[in-house]
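The values are calculated or read from the model by the stated rules, or taken from the named source; none is laboratory data. Note that the structure is a prediction, hence the values are computed from the model and not measured. Cβ placement follows ideal geometry from the backbone for every residue including glycine, while neighbour counts extend to all protein chains displayed. With ligands, DNA and RNA removed, areas are computed over all heavy atoms of the protein, side chains included. Shrake-Rupley method; radii C 1.70, N 1.55, O 1.52, S 1.80 Å.
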Amino acid sequence: MPIQGYKQLTLATTKIYDGEAVFLSSGTTDPNHRSHNYHPNFDIWDASMKFPFKQYVLPDRDEITILGLFPDETINPNSSLSRYVSKAIQFFGDTNSQTFVNKTGIEFYKVIKSLKQAEKEQRPVMLLGASFSYVHLLDFF
């Protein structure tokens with residue numbers, strides 16, 4: 001699917017029902033139009049996320065400390081990226097994994113504390129987020 005499809009179209013593979021899960025575009029392309037991507041259930045979505053992530057991102061391990069630089073799906077339930085980060089942590093994150101974005105932004109001091117703890121324990125870490133999450137983190141540093 002070309003990116004413009006996600007930004008401009010209503011996407012669904014079945015009839016759309018009230019209350020059905022929906023992802024909305026961020027609105028950065030057109031604030032007056034947020035595209036809608038509907039899901040009657042997440043079985044296929046989860047499978048299409050889980051198996052390629054394992055194969056291409058973590059082929060040599062079953063889990064890792066994942067520090068999410070994006071709100072989880074409880075904070076941002078209509079974001080596919082929030083669901084992606086949440087599922088990556090659920091499927092592949094160890095007990096130290098968590099997200100560090102709340103309704104006011106990135107919790108920079110908690111990120112630093114987690115990074116220092118991982119360094120002390122010589123534990124590998126995956127920072128998972130959108131491009132501008134890293135910009136904000138690096139600006140903070």
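I need the full set of residues from the stretch 117-126 which are part of a loop (DSSP other than H, G, I, E, B) and closer than 16 Å to I66 by Cβ, in order please.
Result: E121, R123, P124.
Within the stretch 46-60, track down each residue that is under 19 Å from L127 (Cβ atoms) and either in contact with a helix residue (DSSP H, G or I) (Cβ under 7 Å, 6 or more places away or on another chain) or surrounded by 10 or more Cβ atoms within 10 Å (Cβ to Cβ) (or both).
M49, F53, K54, V57, L58
Among (1) polar (S, T, N, Q); (2) at pLDDT 95 or above; (3) within 26 Å of A21 (Cβ to Cβ), where does S131 come up short?
Condition (2) is where S131 drops out.
Looking only at the stretch 79-118, which residues are among the aromatic types (F, W, Y) and farther than 19 Å from F51 by Cβ?
Within the stretch 79-118, F100, F108, Y109 qualify.
Only one residue in S114, S133, S48 is in contact with a Leu (Cβ under 7 Å, 6 or more places away or on another chain), free of Cβ contacts under 8 Å to residues at least 60 places away in the same chain and assigned to a helix (DSSP H, G or I). Which one?
S114
When residues of the stretch 94-111 are filtered for being assigned to a strand (DSSP E or B), surrounded by 16 or more Cβ atoms within 10 Å (Cβ to Cβ) and not β-branched (V, I, T), how many remain?
1
For the stretch 62-76: of the residues being touching a residue at least 24 places away in the same chain (Cβ under 8 Å) and part of a loop (DSSP other than H, G, I, E, B), which is least open to solvent (accessible area, probe 1.4 Å)?
In this case the residue turns out to be P71.
Scan the stretch 91-104 and report the pairs whose first residue is over 13 Å from V125 (Cα atoms) and whose second residue is among the basic types (K, R), with Cβ atoms within less than 8 Å and a gap of 6+ or a chain change.
Sorted first by the residue in the stretch 91-104, then by its partner, the pairs are F91/K50; F91/K54; F100/K110.
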